[in-house]
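A.B. asks: I have a structure here, written as structure tokens, and I will follow up with some questions on it.
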Amino acid sequence: MTDMVFGATPAKPGEAIIPEWWRTVDRWSLAAIIALFLIGLLLCLAASPPLAVRNGLDPFYYFWRQLGFGIVALLTLVTVSMASPLRLRRWGVVAFLISFVALALLPFLGTDFGKGAIRWYSLRVISVQPAEFLKPSFAICAAWLMAASYDLKGPPGKGLSFAIAVTLTAMLALQPDFGQAGLIIASWALMYFAAGAPVGLLSGIGAGVIGVGWFAYHHSEHVARRINGFLSEEIDPLTQIGYATSAIQEGGIFGVGVGNGSVKWTLPDAHTDFIIAVAAEEYGLILCVVIMALYATVVARSLMRLVGERDPFIRLAGTGLACQFGMQAMINMGVAVRLLPAKGMTLPLISYGGSSLIAACLGLGALLAMTRARPRPDEMEDILGPVH
């Protein structure tokens, strides 16, 4: 029955690491992750040549770069997914500290690449966005603090994690990067809820977030412009949302055909933030539904496997990582169909970008490690014999 529900069986003592990993990892989630990556390569092949031509590069320049990033990312995913929760906790805390320092230094050493928000470090050959690596490491660090608060003499971990979440949210909002800021505070709230937080407290935090949003709308031209554009009844056809909306309408159910789409020639971020518009135009609603189903598979199966987890750190870290992954995909696609204001957020595993892809695989590798099948205490007794 366990095999039917979870798709894996607990590890056996003394088993080699690769067979053990294959027996215990959630193979359905792993398959969905690989499928999303392959779809991303397919869409990069469709969306990136116009950008390469405009930049005077080989038409498949960005595709080959994404393939290279993908090989590194998938190897990273498998390596991280083999790690123990204890090792992941240590790596996660160290990665969080490094990412936090990198985020703090962005205003002094970072660049905006002409987009108005200082979010990247330019390293000539590649660029790095610290916020992408901050998200999974924050989930692990916050889970560690929350889990530590369960101990009788443990630290006030829930309060400390909240202070860190608020600090990160403020730092990201000042870039400005309200999408990543919202993702951080939302993932913390879901983890806190899973840790047993009272609904009244979470409602108060939600009210505080709405208050901050109201303040930002009235005091930030950037925020006001995006929200006003979102609330406007008419869509400017020459904006990114206008191009994306037209592409989705043109695609219909079956799409206009591979290579026949036009949005990739007019939409500046067709290969990154609005890549779902390329999918909708050339492949239609069918591919979009498949993509949504794959994201839902990873999130739903991960949460199902975490329900029976007794270790609070594993349960909370896995919840945070799964919800971050699902929410980021939901926000990206919600922006493209005009259900949400523009956020400037990539579609995990599918959008072009080394930072986004490698960071997503780091988080998913940790999630696969957290959701690997582990024997319960009663099963351990059957395997090892009674403990006296």
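The values are calculated or read from the model by the stated rules, or taken from the named source; none is laboratory data. Being a predicted model, the structure only gives us computed values, none of them experimental. FYI the Cβ positions are ideal-geometry reconstructions off the backbone, even for glycines, and counts take in every protein chain you see.
A.B. asks: How about region 195-207: which of its residues are part of a helix (DSSP H, G or I) and either over 24 Å from the mean Cα position of the chain (by Cα) or of a type in the set (Lys, Arg) (or both)?
C.D. replies: VAL199, GLY200, LEU201, SER203, GLY204, ALA207
A.B. asks: Can you list residue pairs whose Cβ atoms sit under 7 Å apart, with the first residue in region 16-42 being in contact (Cβ under 8 Å) with a residue 24 or more places away in the chain and the second being basic (Lys, Arg)? Count only pairs 6 or more apart in sequence or on different chains.
C.D. replies: Short answer, once both residue conditions are applied: THR24/ARG372; VAL25/ARG372; ASP26/ARG301; ASP26/ARG305; TRP28/ARG301; SER29/ARG301.
A.B. asks: Ok, one more. Can you tell me which condition ARG315 does not meet? The list is (1) in contact with a Leu (Cβ under 9 Å, 6 or more places away or on another chain); (2) among the charged types (D, E, K, R); (3) within 18 Å of THR245 (Cα to Cα), and all the others hold.
C.D. replies: (3)
A.B. asks: Give me the residue from region 276-287 that is touching a residue at least 40 places away in the same chain (Cβ under 8 Å) and either in contact with a Leu (Cβ under 7 Å, 6 or more places away or on another chain) or not aliphatic (A, V, I, L, M) (or both) and, out of that set, farthest from LEU364 (Cα to Cα).
C.D. replies: GLU282
A.B. asks: Examine region 53-72 for a residue that is of a type in the set (A, V, I, L, M), at negative phi and exposed (fewer than 13 other Cβ atoms within 10 Å of the Cβ), and state whether such a residue exists.
C.D. replies: Checking region 53-72: at least one residue is of a type in the set (A, V, I, L, M), at negative phi and exposed (fewer than 13 other Cβ atoms within 10 Å of the Cβ).
A.B. asks: Here's something else I'd like to know. Working only within region 195-225, note down all residues that are under 24 Å from LEU306 (Cα atoms) and either basic (Lys, Arg) or crowded, with 20+ Cβ neighbours inside 10 Å (or both).
C.D. replies: Selection gives ALA195 alone.
A.B. asks: So PRO85 clears everything in (1) more than 21 Å from LEU321 (Cα to Cα); (2) in contact (Cβ under 8 Å) with a residue 60 or more places away in the chain; (3) touching an Asp or Glu at 6+ places or on another chain (Cβ under 8 Å); (4) not aliphatic (A, V, I, L, M) except one condition, right? Which one?
C.D. replies: Answer for PRO85: the failing condition is (1).
A.B. asks: Run PRO176 past the list (1) more than 21 Å from the chain's Cα centre (by Cα); (2) assigned to a loop (DSSP other than H, G, I, E, B) and report the number of the one that doesn't hold.
C.D. replies: (1)
A.B. asks: Among (1) in a helix (DSSP H, G or I); (2) surrounded by 13 or more Cβ atoms within 10 Å (Cβ to Cβ), which single condition is TYR150 missing?
C.D. replies: Condition not satisfied by TYR150: (1).
A.B. asks: If you scan region 260-312, which residues turn out to be among the aromatic types (Phe, Trp, Tyr), in a loop (DSSP other than H, G, I, E, B) and surrounded by fewer than 24 Cβ atoms within 10 Å (Cβ to Cβ)? Walk me through it before giving the result.
C.D. replies: At the first step, the residues of region 260-312 found to be among the aromatic types (Phe, Trp, Tyr) are 265, 274, 283, 295.
Of the ones still in play, those that are also in a loop (DSSP other than H, G, I, E, B) are 274.
Once the filter is applied, which keeps residues that are among the aromatic types (Phe, Trp, Tyr), in a loop (DSSP other than H, G, I, E, B) and surrounded by fewer than 24 Cβ atoms within 10 Å (Cβ to Cβ), region 260-312 yields nothing.
A.B. asks: A further question follows. Picking from LEU86, LEU67, which residue would you name as being within 24 Å of ILE140 (Cα to Cα) and aliphatic (A, V, I, L, M)?
C.D. replies: Numbers: LEU67 fails: within 24 Å of ILE140 (Cα to Cα).
So the residue among LEU86, LEU67 that is within 24 Å of ILE140 (Cα to Cα) and aliphatic (A, V, I, L, M) is LEU86.
A.B. asks: How many of the residues making up region 99-145 are outside any helix (DSSP H, G or I) and within 19 Å of the chain's Cα centre (by Cα)?
C.D. replies: The total comes to 5.
A.B. asks: Among the residues of region 216-259, how many are at pLDDT below 80, under 19 Å from THR272 (Cα atoms) and in a helix (DSSP H, G or I)?
C.D. replies: 1
The rows are residues; the columns are (1) of a type in the set (Lys, Arg); (2) modelled with pLDDT under 90; (3) farther than 30 Å from ALA224 by Cα.
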| residue | (1), (2), (3) |
| --- | --- |
| GLY318 | no, no, yes |
| ALA322 | no, no, yes |
| MET327 | no, no, no |
| VAL335 | no, no, no |
| THR346 | no, no, no |
| CYS361 | no, no, yes |
| ALA366 | no, no, yes |
| MET370 | no, no, yes |
| PRO375 | no, yes, yes |
